[in-house]
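Right, one structure below, let's go through it.
The values are calculated or read from the model by the stated rules, or taken from the named source; none is laboratory data. For clarity, every value in this text was computed on a predicted model and none was experimentally measured. No Cβ is skipped: glycine too gets one built from the backbone with ideal geometry, and neighbour counts run over all protein chains shown. Just so you know, the surface numbers come from the protein's heavy atoms only, side chains and all, with ligands and any DNA or RNA stripped out. Shrake-Rupley method; radii C 1.70, N 1.55, O 1.52, S 1.80 Å.
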Amino acid sequence: MNASRPKVLMVGPWSQFRGGVATFMHNVVNSQLKEKYLFIPFTTSRPGKRNVAGDNYGYLAMFQGGLKRVVLGMLITLWHLALFPWIVALRRPAVIQVQASDFQAFWEASLYVLMGRMLRRPVLLRIGGSFNRFWESSGAFARVAIRWTLRQPSLLVVQSEYWGNYVAGLGRTAPTVILSNFVSNALVQKQACSPARVPRFLLFCGEAPKLKGAYVLLDAVRELVGRGFEFDIALMAVTGALRDEIRNAGLDRHVEMLDFLSHDEALASLHRADVFLQISSSEGFPNMLLEAMALGCAAIVTPVGAVPEVVSVDGECAFIVPAGDSAMLAERMIRLAADRDLLARMGAAARARVAERYTERAVIPVLERAYELAMRGGQEMLCVEEFGISRVDR
(Lines give C-alpha, C1' and ligand atoms only; values in the text may rest on other atoms or scores of the structure.)
Protein backbone atom coordinates (compact mmCIF):
# COMPACT_ATOMS: atom_id res chain seq x y z
CA MET A 1 0.00 0.00 0.00
CA ASN A 2 2.83 2.41 0.89
CA ALA A 3 4.43 1.91 -2.54
CA SER A 4 1.24 3.03 -4.27
CA ARG A 5 0.99 6.34 -2.42
CA PRO A 6 2.90 9.41 -3.66
CA LYS A 7 5.65 10.38 -1.23
CA VAL A 8 5.90 13.83 0.31
CA LEU A 9 9.22 14.76 1.91
CA MET A 10 8.40 17.17 4.77
CA VAL A 11 11.42 19.35 5.50
CA GLY A 12 11.30 21.41 8.68
CA PRO A 13 11.95 21.56 12.44
CA TRP A 14 10.50 18.32 13.82
CA SER A 15 11.08 19.42 17.41
CA GLN A 16 9.88 17.60 20.53
CA PHE A 17 8.64 20.92 21.95
CA ARG A 18 6.53 21.98 19.01
CA GLY A 19 6.45 25.52 17.79
CA GLY A 20 3.92 26.66 15.23
CA VAL A 21 5.78 25.16 12.25
CA ALA A 22 6.29 21.76 13.89
CA THR A 23 2.65 21.67 15.01
CA PHE A 24 1.52 22.42 11.46
CA MET A 25 3.65 19.59 10.06
CA HIS A 26 2.41 17.13 12.68
CA ASN A 27 -1.17 18.15 11.92
CA VAL A 28 -0.62 17.54 8.20
CA VAL A 29 0.96 14.10 8.55
CA ASN A 30 -1.78 13.02 10.96
CA SER A 31 -4.59 14.37 8.80
CA GLN A 32 -6.79 12.55 6.31
CA LEU A 33 -4.01 13.02 3.74
CA LYS A 34 -2.06 10.17 5.33
CA GLU A 35 -4.44 7.80 3.57
CA LYS A 36 -3.43 9.21 0.18
CA TYR A 37 0.20 10.28 0.66
CA LEU A 38 3.20 8.72 2.36
CA PHE A 39 4.84 11.46 4.44
CA ILE A 40 8.59 11.30 5.06
CA PRO A 41 9.81 13.60 7.87
CA PHE A 42 13.18 15.31 7.37
CA THR A 43 14.25 17.37 10.36
CA THR A 44 16.18 20.63 10.34
CA SER A 45 16.05 20.92 14.15
CA ARG A 46 19.01 21.92 16.26
CA PRO A 47 19.45 21.89 20.06
CA GLY A 48 17.29 24.51 21.78
CA LYS A 49 18.60 27.59 23.59
CA ARG A 50 16.54 28.37 26.66
CA ASN A 51 18.95 30.04 29.03
CA VAL A 52 19.96 33.05 26.96
CA ALA A 53 19.08 36.60 27.95
CA GLY A 54 16.70 38.43 25.65
CA ASP A 55 15.06 37.04 22.53
CA ASN A 56 16.52 34.14 20.60
CA TYR A 57 15.45 35.81 17.37
CA GLY A 58 17.05 37.43 14.33
CA TYR A 59 20.49 36.93 12.84
CA LEU A 60 22.28 37.44 16.16
CA ALA A 61 20.45 34.41 17.56
CA MET A 62 22.93 32.26 15.62
CA PHE A 63 25.64 33.30 18.05
CA GLN A 64 23.72 32.91 21.30
CA GLY A 65 24.06 29.95 23.64
CA GLY A 66 27.84 29.85 23.82
CA LEU A 67 30.59 28.73 21.45
CA LYS A 68 29.89 25.02 21.95
CA ARG A 69 26.22 25.45 21.04
CA VAL A 70 27.10 27.58 17.97
CA VAL A 71 29.59 25.02 16.66
CA LEU A 72 27.22 22.12 17.38
CA GLY A 73 24.37 23.90 15.60
CA MET A 74 26.52 24.57 12.54
CA LEU A 75 27.72 20.96 12.35
CA ILE A 76 24.16 19.61 12.66
CA THR A 77 22.96 21.98 9.94
CA LEU A 78 25.78 20.92 7.61
CA TRP A 79 24.98 17.27 8.30
CA HIS A 80 21.32 17.82 7.41
CA LEU A 81 22.29 19.60 4.18
CA ALA A 82 24.72 16.83 3.20
CA LEU A 83 22.16 14.12 3.97
CA PHE A 84 19.27 15.72 2.08
CA PRO A 85 20.21 14.86 -1.55
CA TRP A 86 20.82 11.25 -0.57
CA ILE A 87 17.39 11.02 1.04
CA VAL A 88 15.80 12.50 -2.08
CA ALA A 89 17.69 10.09 -4.34
CA LEU A 90 16.82 7.04 -2.23
CA ARG A 91 13.20 7.85 -1.37
CA ARG A 92 12.28 9.63 -4.63
CA PRO A 93 9.47 11.84 -3.25
CA ALA A 94 6.76 13.05 -5.61
CA VAL A 95 6.78 16.41 -3.79
CA ILE A 96 9.21 18.14 -1.43
CA GLN A 97 7.52 20.46 1.07
CA VAL A 98 9.95 22.89 2.73
CA GLN A 99 8.95 24.95 5.78
CA ALA A 100 10.64 28.35 6.09
CA SER A 101 10.24 31.28 8.43
CA ASP A 102 12.52 34.32 8.70
CA PHE A 103 16.15 35.37 8.99
CA GLN A 104 18.64 32.47 8.95
CA ALA A 105 15.83 29.89 8.83
CA PHE A 106 14.74 31.36 5.49
CA TRP A 107 18.23 31.09 3.99
CA GLU A 108 18.59 27.55 5.25
CA ALA A 109 15.24 26.63 3.69
CA SER A 110 16.33 28.23 0.42
CA LEU A 111 19.18 25.72 0.16
CA TYR A 112 16.73 22.81 0.41
CA VAL A 113 14.55 24.43 -2.24
CA LEU A 114 17.50 24.82 -4.61
CA MET A 115 18.69 21.25 -4.05
CA GLY A 116 15.17 19.98 -4.67
CA ARG A 117 15.04 21.90 -7.94
CA MET A 118 18.47 20.58 -8.96
CA LEU A 119 17.24 17.05 -8.25
CA ARG A 120 14.22 17.72 -10.50
CA ARG A 121 11.59 17.35 -7.79
CA PRO A 122 8.47 19.56 -7.47
CA VAL A 123 9.01 21.83 -4.45
CA LEU A 124 6.49 23.60 -2.23
CA LEU A 125 7.95 26.37 -0.06
CA ARG A 126 5.75 27.41 2.87
CA ILE A 127 6.84 30.63 4.54
CA GLY A 128 5.83 31.76 8.00
CA GLY A 129 7.25 33.68 10.92
CA SER A 130 7.57 37.45 10.91
CA PHE A 131 8.42 37.64 7.23
CA ASN A 132 7.69 41.38 7.03
CA ARG A 133 10.20 42.13 9.80
CA PHE A 134 12.75 39.92 8.01
CA TRP A 135 12.19 41.75 4.70
CA GLU A 136 12.25 45.23 6.21
CA SER A 137 15.51 44.58 8.07
CA SER A 138 17.24 43.16 4.98
CA GLY A 139 19.62 45.17 2.81
CA ALA A 140 19.39 45.69 -0.95
CA PHE A 141 21.44 42.60 -1.87
CA ALA A 142 19.52 40.39 0.55
CA ARG A 143 16.22 41.62 -0.89
CA VAL A 144 17.31 40.66 -4.39
CA ALA A 145 18.19 37.19 -3.06
CA ILE A 146 14.85 36.90 -1.22
CA ARG A 147 12.90 37.79 -4.37
CA TRP A 148 14.93 35.30 -6.37
CA THR A 149 14.34 32.55 -3.80
CA LEU A 150 10.59 33.16 -3.82
CA ARG A 151 10.60 32.49 -7.57
CA GLN A 152 12.26 29.07 -7.27
CA PRO A 153 9.60 26.72 -5.80
CA SER A 154 6.95 25.10 -7.96
CA LEU A 155 4.40 26.58 -5.56
CA LEU A 156 4.82 29.16 -2.83
CA VAL A 157 2.58 28.61 0.20
CA VAL A 158 1.61 31.49 2.50
CA GLN A 159 -0.47 31.39 5.66
CA SER A 160 -3.14 33.99 5.02
CA GLU A 161 -4.51 36.59 2.63
CA TYR A 162 -2.39 39.20 4.40
CA TRP A 163 0.79 37.27 3.59
CA GLY A 164 -0.41 36.50 0.07
CA ASN A 165 -0.77 40.21 -0.60
CA TYR A 166 2.58 40.86 1.06
CA VAL A 167 4.59 38.52 -1.17
CA ALA A 168 2.65 39.71 -4.23
CA GLY A 169 3.94 43.18 -3.36
CA LEU A 170 7.47 41.78 -3.59
CA GLY A 171 6.89 40.82 -7.22
CA ARG A 172 5.89 37.17 -6.83
CA THR A 173 3.82 36.30 -9.92
CA ALA A 174 4.11 32.49 -10.01
CA PRO A 175 1.48 30.20 -8.41
CA THR A 176 0.78 30.90 -4.73
CA VAL A 177 -1.32 28.92 -2.28
CA ILE A 178 -3.03 30.50 0.72
CA LEU A 179 -3.01 27.78 3.36
CA SER A 180 -3.77 28.72 6.95
CA ASN A 181 -2.73 26.85 10.04
CA PHE A 182 -5.42 24.56 11.36
CA VAL A 183 -6.44 22.33 14.26
CA SER A 184 -7.70 18.78 14.21
CA ASN A 185 -11.44 18.24 13.99
CA ALA A 186 -11.26 16.39 17.31
CA LEU A 187 -9.80 19.40 19.15
CA VAL A 188 -12.84 21.56 18.40
CA GLN A 189 -15.10 18.75 19.57
CA LYS A 190 -13.54 18.71 23.07
CA GLN A 191 -15.81 19.98 25.80
CA ALA A 192 -14.93 23.54 26.74
CA CYS A 193 -14.58 24.35 30.44
CA SER A 194 -16.88 26.89 32.08
CA PRO A 195 -15.09 30.12 33.06
CA ALA A 196 -13.57 29.89 36.52
CA ARG A 197 -14.57 32.24 39.33
CA VAL A 198 -11.24 33.99 38.78
CA PRO A 199 -10.48 33.76 35.04
CA ARG A 200 -7.11 32.33 34.09
CA PHE A 201 -5.00 34.31 31.60
CA LEU A 202 -2.26 32.52 29.68
CA LEU A 203 0.67 33.83 27.60
CA PHE A 204 3.16 31.76 25.62
CA CYS A 205 6.69 33.22 25.88
CA GLY A 206 9.03 30.73 24.20
CA GLU A 207 12.53 31.69 23.12
CA ALA A 208 11.47 35.24 22.12
CA PRO A 209 9.66 36.58 25.23
CA LYS A 210 10.03 40.24 24.29
CA LEU A 211 8.56 39.67 20.83
CA LYS A 212 5.73 37.61 22.35
CA GLY A 213 4.79 40.45 24.72
CA ALA A 214 5.98 38.99 28.04
CA TYR A 215 7.36 42.31 29.28
CA VAL A 216 4.18 44.13 28.25
CA LEU A 217 2.19 41.63 30.32
CA LEU A 218 4.51 42.12 33.30
CA ASP A 219 3.94 45.88 33.07
CA ALA A 220 0.19 45.19 33.03
CA VAL A 221 0.59 42.95 36.10
CA ARG A 222 2.33 45.80 37.94
CA GLU A 223 -0.58 48.08 37.12
CA LEU A 224 -3.15 45.50 38.21
CA VAL A 225 -1.33 44.88 41.49
CA GLY A 226 -1.01 48.63 42.09
CA ARG A 227 -4.77 48.99 41.66
CA GLY A 228 -5.51 46.14 44.06
CA PHE A 229 -6.58 43.55 41.49
CA GLU A 230 -5.55 39.91 41.75
CA PHE A 231 -5.61 37.68 38.69
CA ASP A 232 -4.74 34.11 37.81
CA ILE A 233 -1.98 34.69 35.25
CA ALA A 234 0.31 32.04 33.80
CA LEU A 235 3.30 32.31 31.47
CA MET A 236 4.12 29.20 29.46
CA ALA A 237 7.57 28.26 28.12
CA VAL A 238 9.52 30.59 30.40
CA THR A 239 13.27 30.65 29.83
CA GLY A 240 15.68 30.60 32.76
CA ALA A 241 16.70 34.21 32.12
CA LEU A 242 13.10 35.46 32.11
CA ARG A 243 12.31 33.45 35.23
CA ASP A 244 15.17 35.18 37.05
CA GLU A 245 13.98 38.61 35.88
CA ILE A 246 10.45 37.94 37.16
CA ARG A 247 11.76 36.79 40.54
CA ASN A 248 14.12 39.75 40.86
CA ALA A 249 11.22 42.10 40.10
CA GLY A 250 9.14 40.48 42.87
CA LEU A 251 6.42 39.45 40.41
CA ASP A 252 6.74 35.70 40.93
CA ARG A 253 4.04 35.97 43.64
CA HIS A 254 1.57 37.25 41.06
CA VAL A 255 2.22 35.02 38.05
CA GLU A 256 2.70 31.30 37.57
CA MET A 257 5.70 30.33 35.48
CA LEU A 258 5.44 27.15 33.41
CA ASP A 259 8.32 25.36 31.74
CA PHE A 260 8.57 24.35 28.08
CA LEU A 261 5.88 21.71 27.69
CA SER A 262 5.17 18.89 25.28
CA HIS A 263 2.34 19.55 22.87
CA ASP A 264 -0.13 17.47 24.88
CA GLU A 265 0.85 19.26 28.09
CA ALA A 266 0.50 22.64 26.36
CA LEU A 267 -3.00 21.72 25.17
CA ALA A 268 -3.92 20.70 28.71
CA SER A 269 -2.75 24.12 29.96
CA LEU A 270 -4.79 25.85 27.25
CA HIS A 271 -7.83 23.82 28.27
CA ARG A 272 -7.52 25.17 31.83
CA ALA A 273 -7.23 28.78 30.61
CA ASP A 274 -10.09 31.22 30.02
CA VAL A 275 -8.25 33.95 28.09
CA PHE A 276 -5.29 33.51 25.76
CA LEU A 277 -2.93 36.47 25.38
CA GLN A 278 -1.51 36.78 21.84
CA ILE A 279 0.13 40.16 22.38
CA SER A 280 3.19 39.86 20.14
CA SER A 281 4.86 42.79 18.42
CA SER A 282 5.22 40.68 15.28
CA GLU A 283 3.65 37.41 14.11
CA GLY A 284 3.05 35.17 11.15
CA PHE A 285 0.02 33.01 11.86
CA PRO A 286 0.07 31.90 15.52
CA ASN A 287 -1.01 28.28 15.77
CA MET A 288 -1.43 28.34 19.54
CA LEU A 289 -4.01 31.10 19.19
CA LEU A 290 -6.08 28.74 17.03
CA GLU A 291 -5.72 25.94 19.57
CA ALA A 292 -6.76 28.21 22.43
CA MET A 293 -9.81 29.48 20.53
CA ALA A 294 -10.75 25.91 19.55
CA LEU A 295 -10.79 25.03 23.25
CA GLY A 296 -13.14 27.92 24.04
CA CYS A 297 -10.70 30.62 25.17
CA ALA A 298 -11.49 34.26 24.57
CA ALA A 299 -8.40 36.20 23.53
CA ILE A 300 -6.63 39.51 23.79
CA VAL A 301 -4.51 40.07 20.70
CA THR A 302 -2.43 42.62 18.84
CA PRO A 303 -3.14 43.49 15.16
CA VAL A 304 -0.01 41.94 13.65
CA GLY A 305 0.47 39.47 10.80
CA ALA A 306 -2.55 37.25 10.15
CA VAL A 307 -4.01 37.73 13.64
CA PRO A 308 -6.78 40.20 12.59
CA GLU A 309 -7.96 37.66 9.98
CA VAL A 310 -8.08 34.94 12.62
CA VAL A 311 -10.14 36.83 15.21
CA SER A 312 -12.22 39.08 12.93
CA VAL A 313 -13.65 42.27 14.49
CA ASP A 314 -12.69 43.67 17.88
CA GLY A 315 -14.90 42.36 20.68
CA GLU A 316 -16.36 39.36 18.85
CA CYS A 317 -14.07 36.59 20.03
CA ALA A 318 -11.09 38.73 21.02
CA PHE A 319 -10.17 42.20 22.16
CA ILE A 320 -7.60 43.85 19.91
CA VAL A 321 -5.06 46.11 21.63
CA PRO A 322 -2.08 48.02 20.20
CA ALA A 323 1.24 46.22 20.51
CA GLY A 324 3.13 47.39 23.58
CA ASP A 325 0.13 49.05 25.25
CA SER A 326 0.20 47.58 28.77
CA ALA A 327 -2.44 50.02 30.08
CA MET A 328 -5.06 48.94 27.52
CA LEU A 329 -4.10 45.32 28.06
CA ALA A 330 -4.77 45.72 31.80
CA GLU A 331 -8.12 47.38 31.11
CA ARG A 332 -9.23 44.57 28.80
CA MET A 333 -8.16 41.98 31.36
CA ILE A 334 -10.22 43.76 34.03
CA ARG A 335 -13.24 43.92 31.73
CA LEU A 336 -13.17 40.19 30.95
CA ALA A 337 -12.65 39.29 34.59
CA ALA A 338 -15.58 41.47 35.67
CA ASP A 339 -18.09 40.24 33.07
CA ARG A 340 -18.43 36.47 33.08
CA ASP A 341 -21.23 36.54 30.51
CA LEU A 342 -19.05 38.51 28.09
CA LEU A 343 -16.17 36.10 28.69
CA ALA A 344 -18.41 33.10 27.98
CA ARG A 345 -19.85 34.69 24.80
CA MET A 346 -16.42 35.54 23.43
CA GLY A 347 -15.09 32.07 24.21
CA ALA A 348 -18.04 30.47 22.41
CA ALA A 349 -17.57 32.80 19.43
CA ALA A 350 -13.86 31.92 19.27
CA ARG A 351 -14.65 28.22 19.24
CA ALA A 352 -17.27 28.66 16.51
CA ARG A 353 -14.92 30.72 14.32
CA VAL A 354 -12.20 28.06 14.42
CA ALA A 355 -14.74 25.30 13.77
CA GLU A 356 -15.97 27.16 10.69
CA ARG A 357 -12.67 28.24 9.12
CA TYR A 358 -9.60 26.62 10.65
CA THR A 359 -10.15 22.89 11.06
CA GLU A 360 -8.63 20.02 9.13
CA ARG A 361 -11.94 19.63 7.31
CA ALA A 362 -11.75 23.21 5.98
CA VAL A 363 -8.04 23.50 5.21
CA ILE A 364 -6.64 20.13 4.13
CA PRO A 365 -8.45 20.06 0.74
CA VAL A 366 -6.41 23.14 -0.24
CA LEU A 367 -3.13 21.37 0.54
CA GLU A 368 -4.24 18.27 -1.33
CA ARG A 369 -4.99 20.40 -4.39
CA ALA A 370 -1.60 22.09 -4.00
CA TYR A 371 0.17 18.73 -4.11
CA GLU A 372 -1.73 17.84 -7.28
CA LEU A 373 -0.79 21.17 -8.87
CA ALA A 374 2.86 20.83 -7.90
CA MET A 375 3.08 17.34 -9.37
CA ARG A 376 1.72 18.53 -12.69
CA GLY A 377 2.91 22.14 -12.73
CA GLY A 378 -0.44 23.93 -12.26
CA GLN A 379 -0.83 27.69 -12.75
CA GLU A 380 -3.44 28.95 -10.33
CA MET A 381 -3.84 30.45 -6.89
CA LEU A 382 -5.90 28.78 -4.20
CA CYS A 383 -7.47 30.14 -1.07
CA VAL A 384 -9.88 29.02 1.60
CA GLU A 385 -13.08 31.05 1.72
CA GLU A 386 -16.10 30.82 3.93
CA PHE A 387 -17.61 27.93 2.00
CA GLY A 388 -14.75 25.82 0.75
CA ILE A 389 -12.13 26.39 -1.94
CA SER A 390 -12.08 29.00 -4.67
CA ARG A 391 -9.56 29.53 -7.46
CA VAL A 392 -8.18 32.84 -8.58
CA ASP A 393 -6.41 32.88 -11.96
CA ARG A 394 -3.07 34.62 -11.97
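What the table below lists for this structure:
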quantity: Hz values of 3J(HN,Hα) by residue in the stretch 340-350 - Karplus curve (6.51, -1.76, 1.60), Gly and Pro given as x; calculated: 5, 5, 4, 4, 5, 5, 5, x, 5, 5, 4
quantity: Contact order normalised by residue count of the stretch 185-303, Cα under 8 Å, 6+ apart, percent; calculated: 34 percent
quantity: Lys pairs, the chain - Cα-Cα below 21 angstrom, 8 or more residues apart or on other chains; calculated: 5
quantity: Residue-span extension gain [residue 79 to residue 104] - 0.36 nm each, minus C-alpha spacing; calculated: 7.4 nm
quantity: Accessible surface ranking that places the most exposed of 311, 225, 29 first, with a 1.4 angstrom probe; calculated: 225, 29, 311
quantity: Solvent exposure of the stretch 199-244 as accessible area per residue, Å², 1.4 Å probe; calculated: 33 Å²
quantity: Share of carbon and sulfur in the accessible heavy-atom surface of the stretch 98-175 [1.4 Å probe, %]; calculated: 56 percent
quantity: Intensity falloff of the chain expressed as log10 I(q)/I(0), Debye formula with alpha-carbon point scatterers, at q = 0.09, 0.12, 0.13 Å⁻¹; calculated: -0.53, -0.95, -1.11
quantity: Rounded accessible area of residue 173 (nearest 10 Å², 1.4 Å probe); calculated: 110 Å²
quantity: Stretchable slack from residue 118 to residue 256, in nm (0.36 nm times residue separation minus alpha-carbon distance); calculated: 44.7 nm
quantity: The stretch 328-354-the stretch 264-324 distance, computed between alpha-carbon centres (Å); calculated: 11 Å
quantity: Amide H within-cut-off set for residue 359, under 5 Å, with H built and near neighbours excluded; calculated: 183
quantity: Whole-Hz ³J(HN,Hα) from phi, Karplus 6.51 cos²θ - 1.76 cosθ + 1.60, for the stretch 204-217, glycine and proline x; calculated: 8, 9, x, 7, 10, x, 5, 4, 7, x, 4, 6, 5, 4
quantity: Net charge dipole size for the chain [Lys, Arg +1 and Asp, Glu -1 on Cβ; Debye, nearest 20]; calculated: 1500 debye
quantity: Whole-number percent relative contact order across the chain, with pairs defined as alpha carbons under 8 Å at least 6 apart; calculated: 17 percent
quantity: Excluding exposed DSSP-loop GluC sites (Glu not before Pro) (at most 11 other C-beta within 10 Å), longest clean stretch of the chain; calculated: 1-229
quantity: Sites residue 309 and residue 68 - FRET efficiency at Förster radius 35 Å, r taken between beta-carbons, to 0.05; calculated: 0.25
quantity: Cα centre as origin, Lys/Arg/Asp/Glu Cβ charges: the stretch 229-289 dipole, Debye; calculated: 80 debye
quantity: Length added when fully stretched, residue 165-residue 338, from 0.36 nm per residue minus Cα-Cα; calculated: 58.4 nm
